[in-house]
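Just so it is clear, none of the values below were taken in a lab; they were calculated from the coordinates. For clarity, every value in this text was computed on a predicted model and none was experimentally measured. Neighbour counts run over all protein chains shown; Cβ positions are idealised from the backbone, glycine included.
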């Protein structure tokens, strides 16, 4: 019985993290049709940041994530999986009529769209989420169907941050 | 044994009577009036934190958020609203009605037809201390509180009577 | 110590079918601890790698909403330190000491007859009390806001306790961490005195005639009591962790579990226990004001890492420590002193009066904490449904309940429940004070005078809590 008990403990110690990884992978897979370009974005209120990084318990309070710059192509089926690490954020790409949609903390909010024209477009947060809300932007780069960079006149430069400069740790 | 039982029952009766008496002695509320209250919500409190109204008052509540999206869930009055910053509207639903559409209102209106202390809580995740963001609506006369305090005093009185009775040998 | 057996006790091992069989299985403890070990492991993973949003993370919801409520409102009043029976924190340390999960080892070196690994040092005499637990719990509670709202903090604390327990159990003998260091154990020891079960020796004569004292020294059938308690002489619940080892070790089948009325013991034996009572009632007050109260400024002070109000935090922490360590004790000291003087005859020493009358805080404090916990579970209980489907708050949906909307469960009825609980606590408090005075003063009027100040103070405390919750 002792060896059975020991085996159970070892199975638990190994099994729990493996199970967590498995469920995480399962939840990340897109059901239904294949062929979606999935982009995971997390919204973070301190600093007003849309990021690709995984913002979780151990890094939320000590690390400023990098601002995301999603890159897609014309004709792709794009699926944004949006998370919030703290409060209710908004997500909107006004020029492409994507959103506005509220990102609830602790859930995954999905937004699907198919870009039709190349260019750089502004992603903004549309629900006031804190002191850095007014400077919470990101740029979505839409390349041509074969990966050509967007034309010069469609490029976008974000205004420099004044209140919420990002000093990355 | 029976004498002991009698005294225990007498003690309980005294407790109840004292509590009820205290509750009943609270003066009845002033005549119902209409109250307009402006409230702000911030991380993590409402201002004013405590609302005092009388029974029967019609309360018209306007709430404004100073920072992020907050909620307003008032227990016992079936009110659940979202407070969107920069918007003059509150998004109101009633938790008891299933599948209801959100109603945009400028103010929350309800009649304070129940007495006592009711809490309102934030119902939209607004940050760290969201679960502890709450305020109080006190509808006078708060008979339950009066009865409760009276019951405590009554219990003390009952204990004193039990302690001071003459019969020896009974604990 | 050979006091006559009190009445009103039911021998559960003889009356509940199957219970004795179950509790004497060697695999019982392992079977109940392993699931909790798995849960703790998941919680720590969720705290570190899951959503930083507290209400969407299983560690916050399961530990501070569900487990806390079950502990204070169900486990302690009904089953004493039964949490300690199933707690996974000492698991690794005890596995190391015993080199067994299920079996028993005899031989030397070790403790008593049992072969135990580790240094097996004696716990320092100066710390053989609950002062470390008093201060540890007070420290945790000073930082309760980050602890209760930030998953990573809870993960670090839970993981840290496991690590500390393991290290201490390598160095010291048996459950030194559980007995002298665990912050939860501190208040469990106090409130278990009110509880409705007890582990006791059935028959004192059998113990007197026993020569092997296996309950303490261990033997072939069981380990000696790991709680540094002498089971044969056990007459209080405080330091018995219900590990059921003595039931298995006793070679005369003389240890049992009995059911008893609520509030059977309230006698505090030492200052560390009294201060635990003061700390707990003070914290119940502070939490009711800071966490369940409407005042934002106090919440800001309790939450300095977000509000930046460190000056306010110093004020809040200072008030907390002064209240629990000085003001509440002073009030009870004054009441005990006044009562002793009013009684006229000496009757007892000042220390006896202070400790004895402070015992009223055992049922009263437990009632205050239960009353505090009732709204938390009613309002936030529905989050349990969310996190069982999405423990890490990452968008999973294992059981289909991840999108359950937040549904407070009739929170308006909390007031009635709180009133009932506080009145019950006050009743047992008054009864405890009266019994204590009655034991010391043969003269009824003298006893009544002696207990009067504490009785009034207890009533004021109960009424104060009532006002905070309901008024």
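Within segment A:113-127, being crowded, with 18+ Cβ neighbours inside 10 Å, part of a strand (DSSP E or B) and in contact with a helix residue (DSSP H, G or I) (Cβ under 7 Å, 6 or more places away or on another chain) holds for A:119, A:120, A:121. Considering only residues of segment C:293-326 that are surrounded by fewer than 18 Cβ atoms within 10 Å (Cβ to Cβ) and in contact with a strand residue (DSSP E or B) (Cβ under 9 Å, 6 or more places away or on another chain), which is nearest to residue C:142 (Cα to Cα)? Checked segment C:293-326; the qualifying residue nearest to residue C:142 (Cα to Cα) is C:297.
Within segment B:50-74, the set of residues being surrounded by fewer than 18 Cβ atoms within 10 Å (Cβ to Cβ), within 7 Å of another protein chain (Cβ to nearest Cβ) and over 18 Å from residue B:115 (Cα atoms) is empty. Of all residues in segment A:28-47, those satisfying the criterion of being over 13 Å from the mean Cα position of the chain (by Cα) and surrounded by 13 or more Cβ atoms within 10 Å (Cβ to Cβ) are A:30, A:36, A:45, A:46, A:47. Meeting the requirement of 3 or more residues that are within 14 Å of chain A (Cβ to nearest Cβ) and either touching a residue at least 12 places away in the same chain (Cβ under 8 Å) or within 27 Å of residue B:129 (Cα to Cα) (or both), the helices (runs of 4 or more DSSP H) wholly within segment C:349-423 are C:383-389. Filtering B:155, B:92 for residues that are surrounded by fewer than 23 Cβ atoms within 10 Å (Cβ to Cβ) and in contact (Cβ under 8 Å) with a residue 12 or more places away in the chain leaves a single hit, B:92. For segment C:75-83, state whether one or more residues are in a helix (DSSP H, G or I), free of Cβ contacts under 8 Å to residues at least 60 places away in the same chain and either over 18 Å from residue C:376 (Cβ atoms) or under 27 Å from the mean Cα position of the chain (by Cα) (or both). The answer is yes, given that some residue of segment C:75-83 is in a helix (DSSP H, G or I), free of Cβ contacts under 8 Å to residues at least 60 places away in the same chain and either over 18 Å from residue C:376 (Cβ atoms) or under 27 Å from the mean Cα position of the chain (by Cα) (or both).
Name the residue that is farthest from residue B:128 (Cα to Cα), counting only residues in segment C:149-165 that are surrounded by 19 or more Cβ atoms within 10 Å (Cβ to Cβ) and away from chain A (no Cβ under 14 Å). My answer is C:165.
I'd like to check something: does segment C:169-179 contain any residue that is touching a helix residue (DSSP H, G or I) at 6+ places or on another chain (Cβ under 6 Å), in a helix (DSSP H, G or I) and either without any contact (Cβ under 8 Å) to a residue 60 or more places away in the chain or on the phi > 0 side of the Ramachandran plot (or both)? Yes, that holds for at least one residue. Each residue in segment A:49-79 was checked for being touching a strand residue (DSSP E or B) at 6+ places or on another chain (Cβ under 7 Å), assigned to a loop (DSSP other than H, G, I, E, B) and closer than 19 Å to residue A:150 by Cβ, and 6 pass.
For residue A:25, the requirement of being within 12 Å of chain C (Cβ to nearest Cβ), surrounded by fewer than 13 Cβ atoms within 10 Å (Cβ to Cβ) and without any contact (Cβ under 8 Å) to a residue 24 or more places away in the chain is met. When segment A:29-76 is filtered for residues that are facing chain C (nearest Cβ under 10 Å) and free of Cβ contacts under 8 Å to residues at least 40 places away in the same chain, the ones remaining, listed by number, are A:54, A:55, A:56, A:57, A:58, A:59, A:60, A:61.
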